[in-house]
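**Q** Can you keep this structure in mind? I'll have questions shortly.
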Amino acid sequence: MLLTGCSTELLSPKGDIGMQERTLILTALGLMLIVVIPVIVMTLVFAYRFRASNKKSVYKPKWAHSTGIEVVVWTVPCIIVAILAVITWRTSHSLDPYKPLDSQAKPITVEVVSMDWKWLFIYPDYGVASINQLAMPVGVPVNFRITSDTVMNSFFIPQLGSQVYSMAGMETKVHLIANEPGVYRGLSANYSGAGFSDMRFDAIATTQEGFDNWIKQAKASPQALDVTSYASLAQPSTKLPVTFYSTVTPDLFGTIVNKYMGMDMSHGDKPMAMDMPMDHAEAKVAE
């Protein structure tokens, strides 16, 4: 009853990577239950059989060793650990988030920036961007490039697969694909401050036509993501509504990554102003 409010999105994947990860989770769980279930059963049986009130149980105070028991308690776990080791080795490579997906479809690239407390998605091939809404065509691999313009976060769409950390001054990657249309929940899986619980987004998997229409909707937006608007966007805010940008400053993602390069955050260094033409007031806002 206490678990009825919990989400089971990990066990209801809608993408190829998510399906493979579900299989891995269930396989590992099943192998571990081979040990766990007998131990639980034997614990209850032994506690009942050798209770103080049971005068029929045999008491052997000098009994200390059984070769048969030693063989079982060591052999079975060793076999399970060996099987899990092989599975872990293989899946660590086959499910490497940096590994591109094999597909006949041409992948699209999405640049992801975690902020306080929202998600920015930039589509460099289309020149548009969005806040708190991500769109992708069904059956098309998506190459995510991920960074942070604030503290560390974790980019995660449970029904599509792997979570990957976003960190200031660094670029991480993950490759995902949606197998069927739907709107899937996206979130930050790493606590990042007061607005963390509202740091969510919708991942829309749609047909190619639906995706093209989404791009057209973004291109029709009157807003542009330039240095000034980005500096305003970077200020902490919560529950920001879905917003589209029809144009994006070239290589904005790279600029966000590079502005933290050479900094020592442990000594309280401040981010460098973005390496773009800006006046003194804009530089102060960006800082």
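The values are calculated or read from the model by the stated rules, or taken from the named source; none is laboratory data. Small disclaimer: the values here were computed from a predicted structure and weren't measured. We place every Cβ from the backbone using ideal geometry, glycine too, and count neighbours over all the protein chains shown.
**Q** Just to be sure, is Ile69 in a helix (DSSP H, G or I), in contact (Cβ under 8 Å) with a residue 40 or more places away in the chain and either touching a His at 6+ places or on another chain (Cβ under 7 Å) or more than 30 Å from Glu180 (Cα to Cα) (or both)?
**A** Working: in a helix (DSSP H, G or I): yes; in contact (Cβ under 8 Å) with a residue 40 or more places away in the chain: no; either touching a His at 6+ places or on another chain (Cβ under 7 Å) or more than 30 Å from Glu180 (Cα to Cα) (or both): yes.
Considered against the rule, which asks whether it is in a helix (DSSP H, G or I), in contact (Cβ under 8 Å) with a residue 40 or more places away in the chain and either touching a His at 6+ places or on another chain (Cβ under 7 Å) or more than 30 Å from Glu180 (Cα to Cα) (or both), Ile69 comes out as no.
**Q** Are any residues in the stretch 224-240 outside any helix (DSSP H, G or I) and either closer than 15 Å to Asp149 by Cβ or at pLDDT below 95 (or both), and if so, which ones?
**A** Passing the criteria: Leu225, Asp226, Ala234, Gln235, Pro236, Ser237, Thr238, Lys239, Leu240.
**Q** Do any residues in the stretch 13-29 that are farther than 21 Å from Gly182 by Cα have Cβ atoms under 7 Å from those of residues that are surrounded by 16 or more Cβ atoms within 10 Å (Cβ to Cβ), where the two are at least six apart or on different chains, and which pairs are they?
**A** Going by the 7 Å Cβ cut-off, the qualifying pairs are Leu24/Thr91.
**Q** Of everything in the stretch 71-114, what is of a type in the set (Phe, Trp, Tyr) and either closer than 30 Å to Ile204 by Cβ or more than 24 Å from the chain's Cα centre (by Cα) (or both)? Give them in sequence order. Even if it seems obvious, please write down each step before you answer.
**A** Taking the stretch 71-114 first, the residues of a type in the set (Phe, Trp, Tyr) are 74, 89, 98.
Result: Trp74, Tyr98.
**Q** Within the stretch 74-98, take every residue that is closer than 26 Å to Arg145 by Cβ and not β-branched (Val, Ile, Thr) and give me the one that is surrounded by the most Cβ atoms within 10 Å (Cβ to Cβ).
**A** Pro97
**Q** Restricting attention to the stretch 89-117, report how many residues are touching a residue at least 24 places away in the same chain (Cβ under 8 Å) and farther than 30 Å from Val248 by Cα.
**A** Final tally of qualifying residues: 3.
**Q** Right, another one. Just checking: which of the strands (runs of 3 or more DSSP E) contained wholly in the stretch 170-215 hold 2 or more residues that are more than 13 Å from the chain's Cα centre (by Cα) and among the β-branched types (Val, Ile, Thr)?
**A** Numbers: elements: 172-176, 182-188, 200-206.
By residue number, 200-206.
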